[in-house]
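Student: Sharing a structure here in structure tokens format.
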Amino acid sequence: MDVIRKLEDVWDNGESAPASLSCEELDHFKRITNAKRVVARRWVYRGQVHQTPFFVRLLPDESGLVQYENNDPRSRRLLVLNGDESQRLSITVPQIDGHSRPERGYLSLPPSSARFGGIEWGCEGNDGYTDYLFDFDWNTGELLRYARPTRPW
């Protein structure tokens with residue numbers, strides 16, 4: 001399987017840095033380069049450099065990326081991209097039960113800092129009625145499981 005390599009942030013001053021910098025490393029980078037904000041993400045896939053102005057997260061298996069549709073958290077859709085930027089699939093707010101109102105819900109970019117219900121790389125969200133931590137199969141878009149938090153985040 002081909003994987004994404006060298007995911008990095010591109011800054012407003014043209015500098016780039018690994019997307020996985022710690023807070024201390026990021027502060028140091030900004031101080032020495034005078035960078036202010038990230039303007040793109042760049043990576044290497046199959047020897048080719050790709051770049052997007054959207055904020056993306058690398059999938060755990062490094063085979064693709066997740067982003068909000070149109071870089072808009074209000075879109076209620078996450079897009080899963082292949083390493084070459086082609087769209088693999090889209091994920092929408094799921095219908096959990098009769099109370100669900102997906103048109104009122106949201107999904108946050110994974111991974112969530114919340115860990116419960118055995119979900120390790122899930123995304124926080126709301127089905128339009130209740131808060132959940134959702135666990136999707138990032139290759140098929142299937143909702144694998146969900147868990148309700150014991151308290152709102």
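Student: Can you give me the accessible area per residue for the chain, using a 1.4 Å probe, in Å²?
Tutor: Numbers: 8730 Å² over 153 residues.
Using a 1.4 Å probe on heavy atoms only, each residue of the chain averages 57 Å².
Student: Let me ask another. Given a 1.4 Å probe and every protein chain left where it sits, what share in percent of the accessible area of the chain is carbon and sulfur? All intermediate terms of the calculation are to be shown ahead of the outcome.
Tutor: Details: 3950 of 8730 Å².
Heavy-atom surface of the chain belonging to carbon and sulfur, 1.4 Å probe: 45 percent.
Student: How high is the relative contact order of the chain, given as a whole-number percent (alpha carbon pairs under 8 Å, six or more residues apart)?
Tutor: Details: 317 pairs, mean separation 21.5, N = 153.
Contact order relative to length: 14 percent.
Student: Using a 7 Å offset from the Cα along the Cα-to-Cβ direction at both ARG101 and ASP27, what is the distance between the two label points in nm, to one decimal?
Tutor: For the pair ARG101/ASP27, the computed spacing is 4.3 nm.
Student: Within region 93-153, list the GluC sites (Glu not before Pro) lying in a DSSP loop whose Cβ has at most 16 other Cβ atoms in a 10 Å radius.
Tutor: Working: sites: GLU103, GLU120, GLU124, GLU142; in loops: GLU120, GLU142.
Sites meeting the loop and neighbour criteria: GLU120, GLU142.
Student: With a ≥ b ≥ c the root eigenvalues of the C-alpha gyration tensor of region 47-108, is it rounded (a/c under 1.5), prolate (a/b larger than b/c) or oblate?
Tutor: Values: a/c = 3.25, a/b = 2.17, b/c = 1.50.
Taking the square roots of the gyration eigenvalues as a ≥ b ≥ c, region 47-108 is prolate.
Student: Moving on. Using only the Cα atoms of the chain, each taken as one equal point scatterer with no solvent, compute I(q) by the Debye sum, divide by I(0), and report log10 of the ratio at q = 0.21 Å⁻¹.
Tutor: Each listed q corresponds, in turn, to -1.28.
Student: Assuming a ≥ b ≥ c are the square roots of the Cα gyration tensor eigenvalues, decide whether region 104-147 counts as rounded (a/c under 1.5), prolate (otherwise, with a/b larger than b/c) or oblate. Don't skip to the end; give the middle numbers.
Tutor: Numbers: a/c = 1.58, a/b = 1.19, b/c = 1.32.
The shape class here is oblate.
Student: Same structure again: Give me the net charge of TRP138's neighbourhood, meaning all other residues with Cβ under 15 Å from the Cβ of TRP138; Lys, Arg count +1, Asp, Glu -1. Walk me through the numbers on the way to the answer.
Tutor: Working: positive: ARG57, ARG77, ARG88, ARG145; negative: ASP61, GLU62, GLU120, ASP135, ASP137, GLU142.
For residues surrounding TRP138, the net value is -2.
Student: When Lys and Arg each count +1 and Asp and Glu each count -1, what net charge do the other residues less than 14 Å away from ARG5, Cβ to Cβ, add up to?
Tutor: Numbers: positive: LYS6, ARG41, ARG42, ARG46; negative: ASP2, GLU8, ASP61, GLU62, ASP84.
Local charge sum for ARG5: -1.
Student: Continuing with this model, one more query. Grab the DSSP H runs of the chain that are 4 residues or longer, score each as -39,500 (n - 2.57), total them, divide by all residues and round the 222 nm result to the nearest 500 deg cm²/dmol. Please list the in-between numbers first.
Tutor: Details: 1 runs with 11 residues, N = 153.
Mean residue ellipticity, 222 nm, calculated: -2000 deg cm²/dmol.
Student: Then there is this: Quote to one decimal, in nm, the extra length available between VAL44 and ASP12 on full extension: 0.36 nm per residue of separation minus the C-alpha distance between them. All intermediate terms of the calculation are to be shown ahead of the outcome.
Tutor: Details: separation 32, 0.36 × 32 = 11.52 nm, distance 2.01 nm.
Difference between extended and current length: 9.5 nm.
Student: Let me know the Kirkwood hydrodynamic radius for region 18-76, please, with Cα pairs as the basis and the value in Å to one decimal.
Tutor: Details: mean 1/r = 0.0748 Å⁻¹.
Radius from the Kirkwood sum: 13.4 Å.
Student: Helix 23-33 versus the longest principal axis of the chain: what angle, 0 to 90°, nearest 10, using Cα atoms?
Tutor: Roughly 40 degrees, rounded to the nearest 10.
Student: Starting from region 7-111, pick out the trypsin sites (Lys or Arg not before Pro) whose DSSP state is loop and whose Cβ has at most 12 other Cβ atoms within 10 Å. Before the final figure, lay out each step's value.
Tutor: Numbers: sites: LYS30, ARG31, LYS36, ARG37, ARG41, ARG42, ARG46, ARG57, ARG74, ARG76, ARG77, ARG88, ARG104; in loops: LYS36, ARG37, ARG46, ARG76.
Those that pass, being in a loop and sparsely packed, are LYS36, ARG37, ARG46.
The values are calculated or read from the model by the stated rules, or taken from the named source; none is laboratory data. Just so it is clear, the model here is predicted, and its values are computed rather than measured. All Cβ positions, glycine included, derive from the backbone under ideal geometry; neighbour counts span all protein chains shown. Each accessible area value is taken on the protein alone, full model and side chains, heavy atoms only, with ligands, DNA and RNA left out. Shrake-Rupley method; radii C 1.70, N 1.55, O 1.52, S 1.80 Å.
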